[in-house]
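**Q** Next up is a structure, given as structure tokens.
The values are calculated or read from the model by the stated rules, or taken from the named source; none is laboratory data. Keep in mind that what you see is a predicted model, and the values were worked out from it rather than measured. We place every Cβ from the backbone using ideal geometry, glycine too, and count neighbours over all the protein chains shown. All accessible areas refer to the heavy atoms of the entire protein, side chains included, with ligands and DNA or RNA removed. Shrake-Rupley method; radii C 1.70, N 1.55, O 1.52, S 1.80 Å.
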Amino acid sequence: MAEPDASVLDAVASALREARLVVVATGAGMSRESGIPTFRDALTGLWARFDPAELATEDAFRRAPARVFGWYLWRRKVVRAAVPHAGYDAVVALERFVPHVVVVTQNVDGLHRRAGSGRVLELHGSLERFHCLAARHAYPAEAVAEPLEDGEVEPPACPHCGSPIRPGVVWFGELLPEREVAAAWEAAARCGVMLVVGTSGLVHPAAALPRIARDAGAMVVEVNPEPSDLSSLATVVCRGPAGAVLPALVARLEGPA
Ligand code: BV8
């Protein structure tokens, strides 16, 4: 896939140089080049016949707890084996050129943190956290062993209330974590540039962030090999994969202004 036009990358690089606050808003496409399937990618194995949006609900967990819990442990295993690609390192490197960089991610894989980004807001939670269904009693992740084989895994019971333990992610129909939402919405309204990387823009309320930034006068830059629901409101579109576009941007910042 060809690299985006040099003048486009130059325009974005000069805006990044001017910015005091840059928000990097990422979705599943950011993790693709690290071998993690996106929500659009069909599921494999035991879960092949399910739509992810169906499995990622409290209702699905109540109906088939072992199937859903097994799916999340399989995803955790895949993520633990993944390595953040050069695009993640570029997001970390941005912190050397911009006073404030805030990563706002829909991803539950923890790769931004693992890559070393300083400020990461996980809007949809994390595969590395667990709590009980009834009362959200925290449950130690280390107590949830990696299954020997992929498949159904009966969730443990909460030692406090006996209700089943579930992954610390935000399921469809559930509210996002307040602190992260407040910080993300505030950063979106104050940023000079928002890099929107690897999201189809279909899931709300996260999909509202680029519009908040745009309406506040920020340059909104879409990084995605394909058009998305957000392409129309982007100021600039970089049609390419995160693993190529983000390092190309940082390379321009490292070069002479
Ligand atoms: C809520 C955690 C209040 C779990 C996830 C307004 C309008 C319509 C619907 C709604 C609305 N408001 C609320 C809703 C309902 C719903 C929603 O948005 N539904 C959608 C599907 C229509 N939202 C909710 O339920 C939210 N909660 O609103 O609560 C409420 C409460 C009660 C009743 C009403 C409201 C909660 C949403 C969070 C759900 N949890 N994840 C888990 O992971 O298992 S969502 C999950 O799916 C991800 O976190 C992510 O958010 C989403 C997947 O989307 P993307 O990340 O964009 O990925 P996708 O696969 O779609 O696209 C990948 C993109 O990458 C593509 O564009 C592709 O081209 C690109 N790409 C591919 N390769 C690369 C690349 N880009 C760059 N480089 C590459 N190499």
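**Q** For the range 218-247, which positions are more than 17 Å from Val102 (Cβ to Cβ), more than 14 Å from the ligand (Cβ to nearest atom) and assigned to a loop (DSSP other than H, G, I, E, B)?
**A** Correct list: Thr235 only.
**Q** Related question: Quick check on Arg211: is it within 14 Å of Leu121 (Cβ to Cβ), in a helix (DSSP H, G or I) and open to solvent by 40 Å² or more (accessible area, probe 1.4 Å)?
**A** So Arg211 does not fit the description; no.
**Q** Failed condition for Arg211, given (1) in contact with a strand residue (DSSP E or B) (Cβ under 7 Å, 6 or more places away or on another chain); (2) within 15 Å of the ligand (Cβ to nearest atom); (3) of a type outside the set (A, V, I, L, M), with all others met?
**A** Among (1) in contact with a strand residue (DSSP E or B) (Cβ under 7 Å, 6 or more places away or on another chain); (2) within 15 Å of the ligand (Cβ to nearest atom); (3) of a type outside the set (A, V, I, L, M), Arg211 violates only (1).
**Q** Let me ask something else. Val92 - would you say it is farther than 28 Å from Ser163 by Cβ and in contact with a Ser or Thr (Cβ under 7 Å, 6 or more places away or on another chain)?
**A** Judged against the criteria, Val92 is a match.
**Q** Next up: Go over the candidates Ala60, Ala48, Ala53 one by one and state the one that is away from the ligand (no atom under 13 Å from the Cβ) and out of contact with any strand residue (DSSP E or B) (no Cβ under 6 Å at 6 or more places or on another chain).
**A** Answer to the check: Ala48.
**Q** Pick out the one residue from Val250, Val196 that is part of a strand (DSSP E or B), touching a helix residue (DSSP H, G or I) at 6+ places or on another chain (Cβ under 7 Å) and closer than 23 Å to Arg96 by Cβ.
**A** Sole residue among the options that is part of a strand (DSSP E or B), touching a helix residue (DSSP H, G or I) at 6+ places or on another chain (Cβ under 7 Å) and closer than 23 Å to Arg96 by Cβ: Val196.
**Q** Please find, within the range 93-118, the residue that is farthest from Leu195 (Cα to Cα) out of those that are within 15 Å of the chain's Cα centre (by Cα) and among the β-branched types (Val, Ile, Thr).
**A** Val108
**Q** Out of (1) within 16 Å of the ligand (Cβ to nearest atom); (2) open to solvent by 20 Å² or more (accessible area, probe 1.4 Å); (3) under 23 Å from Ala82 (Cβ atoms), what's the single condition that is false for Val196?
**A** The number of the failed condition is (2).
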